[in-house]
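The values are calculated or read from the model by the stated rules, or taken from the named source; none is laboratory data. Everything numeric here is computed off the predicted structure, so don't read it as measured data. Using ideal geometry, Cβ is built from the backbone for each residue, glycine included, and neighbour counts are taken over all protein chains shown. Heads up: the accessible areas ignore ligands, DNA and RNA and are worked out on the full protein's heavy atoms, side chains in. Shrake-Rupley method; radii C 1.70, N 1.55, O 1.52, S 1.80 Å.
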Amino acid sequence: MSEPVMTSSATTNGAVNGEHAQPLLIDGEHRPGRGEILELINPATARVFARCHSASIEDTDDAVVSARNAFTSGVWSQMPIHQRSRILNRFGDLLERDMDKLYRLETVNNGRPITETKAQITRLPEWYRYNAALLLAGRDSVVPMSGQYHSYTSRFPLGVVATLSSFNHPL
């Protein structure tokens, strides 16, 4: 397997040219991070295959403010369920379209066997489609309680969340 080359951060032979790094995407704009430049190293070859900007505390704050503004604007939180479902399904389609590039890049990034990475990553579109279907299913429920109480589950967008993915399953 040949190493993927990040065109904005590496030359055609895979050597990093030292000038470019993948930017952050905050509020719909690509911009350099105010943190350090990270070198992504292929554990199988010990070669740098890409460089990317890391986010500073200020970048992280900017991203949270942007996400909060998007949430309170209603762009996503007030969007009809069928449109949200359609977007999640479309994202699954895009993942599926680029699957070959994604599993190869992920293998170079984490050093796991390509067959293992491929098996795991090819499930991603399925997860997005599953959650898109849950939106349409309206899975609210009433939970049985003793006495004169009712307990129910109602699903709706709560707000901004952040997650840290594991090093070996970042996608």
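Brief remarks on what is shown
- In the context of the full set of protein chains, the chain has a per residue accessible area of 70 Å² (1.4 Å probe).
- For the chain, modelled as a GNM whose springs connect Cα atoms under 10 angstrom apart, the maximal fluctuation among Asp140, Asp100, Asp61 occurs at Asp140.
- FRET efficiency for the Val75 to Ser154 pair, using the beta carbon distance and R₀ = 22 Å, is estimated at 0.55.
- A value for Kirkwood radius over Cα pairs in Å was derived from the coordinates, and within the list (1) 19.1; (2) 17.5; (3) 16.2 it appears as (1).
- Rounded tilt (10° steps) of 57-73 against the dominant C-alpha axis of the chain: 40
- Computed [θ] at 222 nm, deg cm²/dmol, the chain (DSSP H ≥ 4; -39,500 (n - 2.57); rounded to nearest 500): -12500 deg cm²/dmol
- With contacts taken as Cα pairs under 8 Å and at least 6 residues apart, the chain reaches a relative contact order of 18 percent.
- Electrostatic dipole magnitude of the range 74-171 [Cβ: Lys, Arg +1; Asp, Glu -1; Cα centre; debye, to 20]: 100
- Spacing of the two label points (7 Å from each Cα toward its C-beta) at His30 and Glu126, in nm: 3.3
- Take every pair of alpha-carbon atoms less than 8 Å apart whose residues are at least six positions apart; their mean separation over the length of the range 75-140 yields a relative contact order of 50 percent.
- Taking the Cα centre of the chain as origin and assigning +1 to Lys and Arg Cβ atoms and -1 to Asp and Glu Cβ atoms, the resulting dipole is close to 580 debye.
- Angle in degrees between helix 124-137 and the longest Cα principal axis of the chain, rounded to the nearest 10: 20
- Per atom type, the chain shows carbon and sulfur on 56% of its accessible surface, probed at 1.4 Å.
- Helix 81-97 and the longest principal axis of the Cα set of the chain meet at an angle near 30°.
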